[in-house]
Amino acid sequence: MKSLIVFVVLAVAGCMAHGGDIFSGLDEQFHHECMDQEKVELEEMGKLRSGNLENPSQNMKCFNRCVMEKMGIMKEGKLLDEKVTEIFNKNQNKDDALRTYNECKTLKGGNDCDTAFKIISCMDKGSM
């Protein structure tokens, strides 16, 4: 399941390094649009790509929200169960992934950006 969670985190980061073509062709476009929109520094993007989710800037949190919305898995700070389940159903460890998702999906932050990042961080920790 670790690879699936890493895949989702990396997809949110706009980097499809961990296989699959679920979002093929979309990640590059969303990555650039959201990086520009949220003014994310390249250095911080590098930290996210390497799996460092500690102490993100508000811009980075909003970058994640932006990509999740453009991917169609989040709307107005809420995850869309049908879309997320569709992604996880394509993985051989879908039961573990869905269990972690169900534990994390109700987390809330002070705004939609905080919520998106709390969910991503929770799913990353739950996959270890």
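The values are calculated or read from the model by the stated rules, or taken from the named source; none is laboratory data. No experiment lies behind these values; they were computed from the predicted model shown. Using ideal geometry, Cβ is built from the backbone for each residue, glycine included, and neighbour counts are taken over all protein chains shown.
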Filter the range 33-51 for residues that are out of contact with any Asp or Glu (no Cβ under 9 Å at 6 or more places or on another chain) and assigned to a loop (DSSP other than H, G, I, E, B); the one that is surrounded by the most Cβ atoms within 10 Å (Cβ to Cβ) is Val40
Within the range 46-93, restricting to residues that are in contact (Cβ under 8 Å) with a residue 40 or more places away in the chain and basic (Lys, Arg), the one that is nearest to Lys125 (Cα to Cα) is Lys61
Within the range 16-71, of all residues that are polar (S, T, N, Q) and either at pLDDT 90 or above or touching a helix residue (DSSP H, G or I) at 6+ places or on another chain (Cβ under 7 Å) (or both), the one nearest to Asn111 (Cα to Cα) is Gln58
Among the residues of the range 54-63, is any surrounded by fewer than 19 Cβ atoms within 10 Å (Cβ to Cβ) and among the hydrophobic types (A, V, I, L, M, F, W, C)? no
